[in-house]
Amino acid sequence: MKYILDRILPELRALMGEALELYQHGQFQDALESLDSKLADLEILVADMAHREAVRYNLLHTRLGILAGLGADMRTEMDAFLADLQQEAMTRMGNAERLAMLIRQLTIRDGMFDEQFSEADFDGMLTAVPPDACSIRFWSDVSLWAFRREYLHPLSAAVEHALFNPAPAHEILVWKRIHLMFGSVDGSLGDAELQAYISSISSQAQLREFESSIIELLRVRGQWSAAAQKKLERVRVRLHRAETAQ
């Protein structure tokens, strides 16, 4: 399946490259100014209306991450984006990406502010999202929300999606993360699988996300072990050595 994200990825990379590099170096204000300049000129930079609409939603999503780095009032900023996402897009591609992004934002907001995005609302909204809008980014955000809520249905859908749509190499760790969360919720997660996932963590960003989003719930559910903790410490040392060697 050719996802919308795949179709607009070259344009996204060109438009976000500078902002993301600045963001990664902690230059949040410069990153925001770079991204805002691209948004202001988007009609010129992306000629195709369908691509332009889909690209815009993704740029605005990235913009929220930069604003978080600046310490902005995220409830206010997310409210503004959600209001934007409630408005119908002009094209089929734009509307598909809008519907998927709306669910993503509601799951993220629920995690940040405990907004109680309900399972019934999720299920109802998901039926309207075309399959080509359900990219790896969509399932990653949705799965984290479902993991926190212990709601198996979205995790099952994500795992099934992965089975029928083999991921490229750079997405494998994301799918492993989703499968780990699925196993945690359905009770099938074993210590060997958990340790294998920990061993596969290859960057400080992935390690921070795992520690901030997943470990505490594994502990609460009795799925964290002394062996997993030792494995985590080894991975932390490995990543630190790799970072200092650069």
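Here D84 sits with roughly 40 square angstrom of accessible surface, probe radius 1.4 Å. Among K230, K38, the order of accessible area from largest down is K230, K38, computed with a 1.4 Å probe on protein heavy atoms.
Rounded to the nearest 500, the helix-only mean residue ellipticity at 222 nm of the chain stands at -24500 deg cm²/dmol, with each DSSP H run of n ≥ 4 adding -39,500 (n - 2.57). Stokes-Einstein diffusion for the range 167-246 at 10 °C, viscosity 1.306 mPa s, with a Kirkwood radius from C-alpha pairs, works out to 121 µm²/s. For the range 10-117, the fraction of 1.4 Å probe accessible surface lying on carbon and sulfur atoms is 51 percent. Measuring nothing but how far apart in sequence close Cα pairs (under 8 Å, 6+ apart) lie, relative to its length, the range 35-131 scores a relative contact order of 26 percent.
Note on exposure: E88, E77 ranked by accessible area (1.4 Å probe, complete protein assembly) read E88, E77, with the most exposed listed first. Can you give the local net charge around L232? Use residues other than it whose beta-carbon is closer than 14 angstrom to its beta-carbon, Lys and Arg +1, Asp and Glu -1. Summing Lys/Arg as +1 and Asp/Glu as -1 gives +2.
Accessible surface of T76, taken over heavy atoms with a 1.4 Å probe and every protein chain present, rounds to 80 Å².
When only Cα pairs below 8 angstrom with a gap of at least 6 residues are kept, the range 186-246 shows a relative contact order of 50 percent.
When all alpha carbon pairs of the chain are counted in 5 Å bins from zero, the resulting P(r) reads 1, 6, 12, 15, 18, 18, 15, 9, 4, 2, 0, 0 %.
When all protein chains stay in place and ligands, DNA and RNA are ignored, the 1.4 Å accessible-area order of F147, F117, largest first, is F117, F147.
Solvent-accessible surface of the range 22-110, averaged per residue with a 1.4 angstrom probe and all protein chains in place: 47 square angstrom.
Return the inverse of the average 1/r over all pairs of distinct C-alpha atoms in the range 1-100, which is the Kirkwood hydrodynamic radius, in Å to one decimal.
When all Cα pairs of the range 1-100 are included, the Kirkwood radius is 13.9 Å.
Look at the alpha carbon pairs under 8 Å that are at least 6 residues apart: their mean separation over the length of the range 126-246 gives a relative contact order of 22 percent.
The values are calculated or read from the model by the stated rules, or taken from the named source; none is laboratory data. None of these values were measured; they are calculated from a predicted model. All Cβ positions, even for glycine, are placed from backbone atoms using ideal geometry, and neighbour counts span all protein chains on display. Quick note on the areas: whole protein, heavy atoms, side chains included, nothing else; ligands and nucleic acids left out. Shrake-Rupley method; radii C 1.70, N 1.55, O 1.52, S 1.80 Å.
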